[in-house]
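One structure is given below, encoded as structure tokens.
The values are calculated or read from the model by the stated rules, or taken from the named source; none is laboratory data. All of these numbers come straight from a predicted model, not from anything done at the bench. Neighbour counts are summed over all protein chains in view; Cβ atoms, including those assigned to glycine, are modelled from backbone coordinates with ideal geometry. Accessible surface is based on the protein model in full, side chains and every heavy atom, while ligands, DNA and RNA are left aside. Shrake-Rupley method; radii C 1.70, N 1.55, O 1.52, S 1.80 Å.
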Amino acid sequence: MAVKGILKKGEYYDSVTLMLVQKDALNIPGVEDAAVVMGTLQNKSILENSGMLLEEFKNATDADLLIAVKGKDDEVVEKALKEIENLLRKSRSKSEGSSDYVPKSLDGALKIMPDANLVLISVAGKYAGDEAIKALSKDLHVMIFSDNVPIEKALRAKQIGYEKGLLVMGPDCGTAIINGAPLGFANVVERGDIGIVSAAGTGLQEVSSIISNNGGGISQGIGTGGIDMKEYYGGLSFITGLKALIDDDETKVIVLISKPPHESVLKKLQDVLKNNKKPVVGCFLGASKEIVESLGAYPVSTLEEAALLAVSLSKGTSFDKFKKEIEEREELIKNEAKELAKHLKPGQKYFRGLFQGGTLAYETELILTDMIGDVYSNVPLKPEFKLKDSWKSEKHTIVDLGEDEFTVGRPHPQIDFQLRNKRILEEAKDPEVAVIYLDVVIGYGTNRHPIEDLVPTLEEVRKISNALVIVNVTGTDKDPQNKKALITALKNSSAHVYERNAYASKVAGYVIKEIGG
Amino acid sequence: MKVISVGDKIDLKLKVLGIHSHFNHAINIYTDKGLVFIVSKDVGSGPNSIVLDESNLNKFTLDDISRFDYSVYSIYNSSFELFHKDLEVLVNNLKTLKDYLFNYAHPLSAVFLLDSSRKSNFVSLFSLNLANQLEESFNRLLNFDLNAIDSLKGLGYGFTPQGDDLIEGFLAAIYVYEKLFDLNLSSLRKTIYDRALTKNKVTNTFLYFTSMGLFYERFKDVLKALFTGFNLEESILKMLSFGETSGADILTGFIKGLEKLLEGGNELWQ
């Protein structure tokens with residue numbers, strides 16, 4: 001074990017910068033502990049307790065910055081120290097360099113970018129509605145990342161957008177891909193002729209990624225936020241998005257993604273689609289085939305099917321051929337599951353799904369309920385299957401870790417894996433658990449180090465349990481996290497890795513059926 | 001550069017000695033009368049602050065001080081008087097304040113002292129040791145073990161360490177408690193301040209004014225709102241935007257301190 005450090009005289013940084021740099025340093029392979037703090041007496045005493053108080057730090061003053069790293073050998077530690085210095089330098093030049101370009105208001109931003117036609121709003125929900133209305137009054141499209149926007153303000157913004165033909169994506173819209181630019185949590189996808197309107201964030205990520213991974217491309221990915229399809233909001237943003245795609249020359253195929261819309265919204269969609277000539281894929285998770293067909297759209301029951309059908313339509317393949325392929329594939333999945341089930345011991349019978357993405361959790365819940373019966377959840381399909389305590393699983397369980405109860409005071413689980421990692425280990429200790437199911441959604445805005453943050457936990461699981469770990473990775477090869485390396489690392493930790501949530505969920509469902517769980 | 005407001009504890013005949021530290025929105029100046037903060041308008045006023053009608057001070061130099069335009073400015077009153085003493089209103093608003101901290105404060109702020117589940121955000125041995133030390137020392141201070149200040153002051157990351165922010169919040173809690181029950185604990189506040197002094201001139205300045213019952217505008221707005229409910233959410237959010245985690249850390253110290261005082265009464269320090 002080696003410990004080394006650097007003392008920087010008279011350098012000061014804000015606390016968050018130091019904490020984030022320290023966190024990044026801990027992700028460097030071989031680094032066991034790191035500290036980046038001011039040289040106060042008290043901080044020195046903590047360094048001493050952590051075995052990192054170096055001789056040269058002893059005379060440091062409150063105005064000196066101390067960087068200490070503990071790692072497996074000198075080489076690792078020196079590399080980490082250099083990396084920390086780089087990160088600090090970058091943070092400084094970033095804050096200095098950007099200072100001239102950080103406007104404090106919409107008007108200020110427009111002075112810098114007078115040609116901008118879309119505003120991304122991410123302020124406290126209370127103020128987001130007014131900001132959106134202000135932007136719409138200037139004829140700008142809007143994406144509202146914030147949630148908890150007062151409902152009357154959100155509705156007013158949507159009404160203005162609808163009247164003016166401007167997009168109002170949100171409130172609580174986490175994902176969009178506009179003219180190839182990923183906004184919020186989004187993936188780097190190929191450009192093409194498939195346009196998506198989605199009232200489901202991870203649904204949009206899953207469908208756009210599968211399309212891109214299977215030879216198709218995206219013209220626009222318009223998010224609306226899940227609440228838009230409720231009666232109160234009347235699907236105003238969804239309809240505006242749909243109209244935009246119908247009018248868009250670059251879009252040849254349209255995909256609609258949502259939970260089943262309210263009846264009144266459905267009626268409006270029927271009106272809009274009445275004279276549409278473009279093929280439309282309707283993925284209303286949990287809705288009947290008839291509802292989708294009433295729109296003149298091709299019905300699909302999963303996000304995967306939506307993506308694959310859109311690619312087929314874009315390439316001129318028929319719907320019937322596509323359906324046949326999907327049906328034939330079912331046998332393959334069953335055989336795959338049969339093989340996996342052989343690894344389990346008697347007594348292992350339960351499924352435990354721990355999700356980052358709400359739509360993915362919902363889709364898996366629909367698939368499993370259909371295959372193995374009711375599933376307990378913090379977001380159940382039926383109220384009687386609501387978990388008594390979301391922190392504790394019961395029988396077959398699916399937990400959406402993106403729900404408010406888990407995110408208060410901590411980053412979204414797509415960014416911070418800690419909470420789920422803890423829960424994974426708890427599930428692994430339960431001898432009745434047969435399948436631990438995880439989604440890993442990569443792309444912009446999400447955790448940049450999924451290998452470092454997840455794989456060590458899966459290796460722990462391997463030591464204490466022989467439960468099957470099934471992981472679905474949503475993303476593309478162009479995403480910043482290096483998807484290929486991620487999948488290899490997951491497989492090396494004995495996880496069974498898939499790139500389509502519905503496929504992976506079916507594998508899991510057949511495994512449970514096979515063992516009679 | 002147009003001056004909008006000048007703190008009530010600034011003597012404008014001061015002599016500038018140099019720059020202590022320089023941020024985009026605040027320049028901390030050494031003067032013969034102590035530190036003076038020259039800040040942009042979004043930062044807000046303070047007892048020793050000069051607020052300029054500027055949104056960014058990145059290009060500020062000391063020469064600019066001689067060109068300050070003092071033609072129209074207000075004097076900021078940093079003292080805090082309590083006109084409404086409704087404990088029920090205060091307790092309800094403290095709940096709202098906590099909710100806002102849980103929802104909006106940085107995961108690595110001292111808010112883990114109010115919600116222990118946030119401690120899981122501290123992962124390395126060093127940061128856990130630090131969080132544990134903050135918790136242990138601050139809990140001792142809450143029980144008026146003033147020796148705890150020695151291990152709390154200067155503890156934490158960054159320009160204004162969390163330990164100092166917690167002490168500042170605690171001092172504010174004592175002051176508010178005095179106002180609520182018409183007490184005078186100024187000598188206790190002075191003892192805490194004297195003991196909390198370090199070589200960090202910026203936190204010494206914050207602690208000094210708070211120990212005197214003088215507050216920076218954003219904190220004063222929260223204190224006022226806690227007793228009236230007026231602009232509560234807005235003032236909390238503004239306070240939380242202060243100094244990365246400082247706003248949340250000060251408010252944590254304040255809430256914990258005030259709750260302890262309301263629960264324990266004068267037996268705590270006697």
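For the reader, a short list of remarks on this structure follows.
- Conditions (1) more than 8 Å from chain A (Cβ to nearest Cβ); (2) hydroxyl-bearing (S, T, Y); (3) assigned to a helix (DSSP H, G or I); number of the one not met by B:S71: (3)
- A single entry from B:Y208, B:Y157 fulfils the requirement of being within 12 Å of chain A (Cβ to nearest Cβ) and closer than 30 Å to A:S45 by Cα: B:Y157.
- Segment B:10-24: number of residues that are part of a loop (DSSP other than H, G, I, E, B) and either at pLDDT 85 or above or more than 13 Å from every other protein chain (Cβ to nearest Cβ) (or both): 6
- Residue match in segment A:132-155 (condition: within 14 Å of chain B (Cβ to nearest Cβ) and under 27 Å from A:Q481 (Cβ atoms)): yes
- On inspection, B:S45 passes the criterion of being of a type in the set (G, A, S) and under 27 Å from B:T245 (Cα atoms).
- For B:T31: the one exception among (1) within 14 Å of another protein chain (Cβ to nearest Cβ); (2) without any contact (Cβ under 8 Å) to a residue 24 or more places away in the chain: (1)
- Listed by position, the helices (runs of 4 or more DSSP H) contained in segment B:90-200 that have at least 3 residues being open to solvent by 50 Å² or more (accessible area, probe 1.4 Å) are B:125-142, B:186-196.
- Number of the condition not met by A:P299 [criteria: (1) touching a strand residue (DSSP E or B) at 6+ places or on another chain (Cβ under 7 Å); (2) within 20 Å of A:H496 (Cβ to Cβ)]: (2)
- If the condition is being part of a loop (DSSP other than H, G, I, E, B) and surrounded by fewer than 21 Cβ atoms within 10 Å (Cβ to Cβ), then segment A:235-250 contributes A:D248, A:D249, A:E250.
- Residue-level check: of (1) open to solvent by 10 Å² or more (accessible area, probe 1.4 Å); (2) under 30 Å from A:D477 (Cα atoms), A:P150 misses just (2).
- Selection within segment B:101-135: residues that are in contact (Cβ under 8 Å) with a residue 60 or more places away in the chain and facing chain A (nearest Cβ under 9 Å). The member of this set that is nearest to B:G154 (Cα to Cα) is B:S109.
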